[in-house]
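A short write-up of the structure that comes next.
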Amino acid sequence: MKNIIYFLIVASSLLACKSKSHEETQAVSVNHRTIRKIDIHSHFRYSRKYLPVLHKKWNMRSVLVDVSIEDSIGIARSWQPYLTHSQAHPDLFFLCSSFIGVDIDSPNFRQRIIEQLSQEISSGAKMVKVWKNFGMVTKDSSGNYIQIDDARLQPIWDFLKGKGIAVMAHIGEPEQAWRLLDPDNPHFGYYKNNPQYHAFNIPDIPSYDSIIAARDRWIENNPDLKILCAHLGSMSHDVDMVADRLDNYPNMYVEPAARFGDLARQNPKKVGAFFAKYQDRIMFGTDFGNSNPEEAMTDAELEQEKEELDANYTLLWDYLSSTDTLEIRGQTTVGLGLPASILDKVYFQNSVNFLKLE
Ligand SMILES: [Zn+2]
């Protein structure tokens, strides 16, 4: 539930005003309809009549990314509704499974996870997600936080390598989580509303550096496992940090879902050069989703939700493709003006290759 709240915040706060000068509009040359798109990071839990129409308008397909979270009644997931959506619209949605480290010390942990993943891969999962509960939340029977490079997880990575299935990793959090909240930071609202992830106030949580280091060791130790670091690998405040890892680990890829606000705080020329240099390793992702069943919403609410989603797709498209002045999560910046060849890779071809879709 907590992460569902997150993408609502993301969706509503991403949307912001945008202005164009006459001169700036001259640089916009790529029509969004001509570029096929895959959103590799979405959470559309509930079906919507407008979603197929909107996806067609944007020439887009979305990966429904499951997350395993431990709550008061057990392990909560979105796998079943996602499976139903993808079966109803195989032309629209791809599937991503997930697992969590709860009960890692029980004798059948690995067997249970491998059986679950095996079944879900047979049902169509193209990728498996691990979330920040590795590193920051879930503890083993000795009371230690389970880091993502834990040797007890290695048989699971070996299984996925054997299947040729990639991993999406949201490990750690933006470094803001380990600092006093800054009202100007793009993540201020999230940690204000989700204090359980504001590590600054929870000294028990390992440091940012140690969680990132464990993630780096895991990537390095599994060169045959393709790893997509969600949210720019929790290093979105500094593209140099991301570049450093991409240089060191050929099996690492990134996507910027819910971190466009951090990119907007950095020099657009530098961010554009980052996209150009790593154009084969960056995939488009948004973290957009929904959290209410359609029948619980009024027509007006559904219309508003649709318009906000459309506006958010437009804002991200304008940021990547144009050189307009725009505002993302309170940060004024100019678009990156990426050429069609790079937009095609980032929006589509890199995800096709990564997920082995063709
Ligand atoms: Zn997400």
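The values are calculated or read from the model by the stated rules, or taken from the named source; none is laboratory data. Please read these numbers as outputs of a predicted model, since none were measured by experiment. In this analysis, Cβ positions are derived from the backbone assuming ideal geometry, glycine residues included, and neighbour counts consider all displayed protein chains. Surface accessibility is based on the protein's heavy atoms, side chains included, excluding ligands, DNA and RNA. Shrake-Rupley method; radii C 1.70, N 1.55, O 1.52, S 1.80 Å.
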* Taking the range 142-175 as the search range and keeping residues that are over 20 Å from SER210 (Cα atoms) and touching a residue at least 60 places away in the same chain (Cβ under 8 Å), which one is most open to solvent (accessible area, probe 1.4 Å)? -> LYS161
* Structure fact -> Scanning the range 241-261 for residues that are more than 22 Å from THR332 (Cβ to Cβ) and either open to solvent by 10 Å² or more (accessible area, probe 1.4 Å) or part of a loop (DSSP other than H, G, I, E, B) (or both) gives MET241, ALA243, ASP244, ARG245, ASP247, ASN248, TYR249, PRO250, ASN251, TYR253, GLU255
* Asked: Restricting the range 211-222 to residues that are open to solvent by 20 Å² or more (accessible area, probe 1.4 Å) and in contact (Cβ under 8 Å) with a residue 24 or more places away in the chain, which is farthest from TRP178 (Cα to Cα)?
  -> ASN221
* Asked: Do we have ASN350 as under 19 Å from LYS37 (Cβ atoms), assigned to a helix (DSSP H, G or I) and touching a strand residue (DSSP E or B) at 6+ places or on another chain (Cβ under 8 Å) here?
  -> yes
* Looking only at the range 173-209, which residues are aliphatic (A, V, I, L, M) and part of a helix (DSSP H, G or I)? -> ALA177, ALA199
* Could you tell me which numbered condition LEU309 fails, if it satisfies all but one of (1) more than 16 Å from the ligand (Cβ to nearest atom); (2) surrounded by 20 or more Cβ atoms within 10 Å (Cβ to Cβ); (3) of a type outside the set (S, T, N, Q)? => (1)
* Structure fact -> Per the filter on the range 312-330, residues at pLDDT below 95 and open to solvent by 30 Å² or more (accessible area, probe 1.4 Å) are GLY330
* To do: Pairs only if they're at least six apart or on different chains, beta carbon under 8 angstrom, first in the range 270-283 and assigned to a loop (DSSP other than H, G, I, E, B), second surrounded by 14 or more Cβ atoms within 10 Å (Cβ to Cβ) and among the small types (Gly, Ala, Ser); list them, first residue then second.
  => TYR278/ALA243; MET283/SER351
* **Condition met for LEU232 (away from the ligand (no atom under 16 Å from the Cβ), open to solvent by less than 20 Å² (accessible area, probe 1.4 Å) and at pLDDT 95 or above)** => no
* Restrict the check to the range 272-284 and report whether at least one residue is away from the ligand (no atom under 16 Å from the Cβ), hydrophobic (A, V, I, L, M, F, W, C), open to solvent by 30 Å² or more (accessible area, probe 1.4 Å) and at pLDDT 95 or above. => yes
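Need at least 1 residues that are within 16 Å of the ligand (Cβ to nearest atom) and open to solvent by 10 Å² or more (accessible area, probe 1.4 Å) per element, so show me which helices (runs of 4 or more DSSP H) inside the range 41-141 make the cut, counting only ones lying wholly within it.
By residue number, 79-88.
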